[in-house]
Amino acid sequence: MRPVLYVLTFLAIIALGFWAYRENYATQAALKHVEGLQRQIADLREGLAVQRAEWAYLNRPDRLRELATINFDRLGLLPMLPGQFGTPGQIAYPTPDLPQIDMPVDIQGTQPQPESDL
């Protein structure tokens, strides 16, 4: 009985060692994948920072003012004045579409019968 127990214990240790070996390599592969993703995220963030800096550089007020002055005749731009804006009372709000009443309901609970065209 003891030799069978020793063999089963030995096989269990071999199986656990094989499982630990596979898990180790799976973990290392997952860590390499995560490092690659983190590197990609860092590259994308750096690119985004560069694009934000370029956007801020291109939208400087003095540069836009100079471009508007240079292209004034071609664009026909005019300065904004307070009189160009409306008041909230001048806004035309849409009216809700109400459904058509086809058959009125009597308040007492009896409905009038629709007239039939004979």
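Odds and ends about this structure:
- Condition met for residue 52 (on the phi < 0 side of the Ramachandran plot, basic (Lys, Arg), surrounded by 10 or more Cβ atoms within 10 Å (Cβ to Cβ) and modelled with pLDDT of 95 or more): yes
- Helices (runs of 4 or more DSSP H) contained in region 1-113 and holding at least 2 residues among the hydroxyl-bearing types (Ser, Thr, Tyr): 2-58
The values are calculated or read from the model by the stated rules, or taken from the named source; none is laboratory data. Bear in mind the structure is a predicted one, so any value in this text is a computation, not a measurement. When we count neighbours, we look across all protein chains shown, and the Cβ atoms used for this are built from the backbone with ideal geometry, even at glycine.
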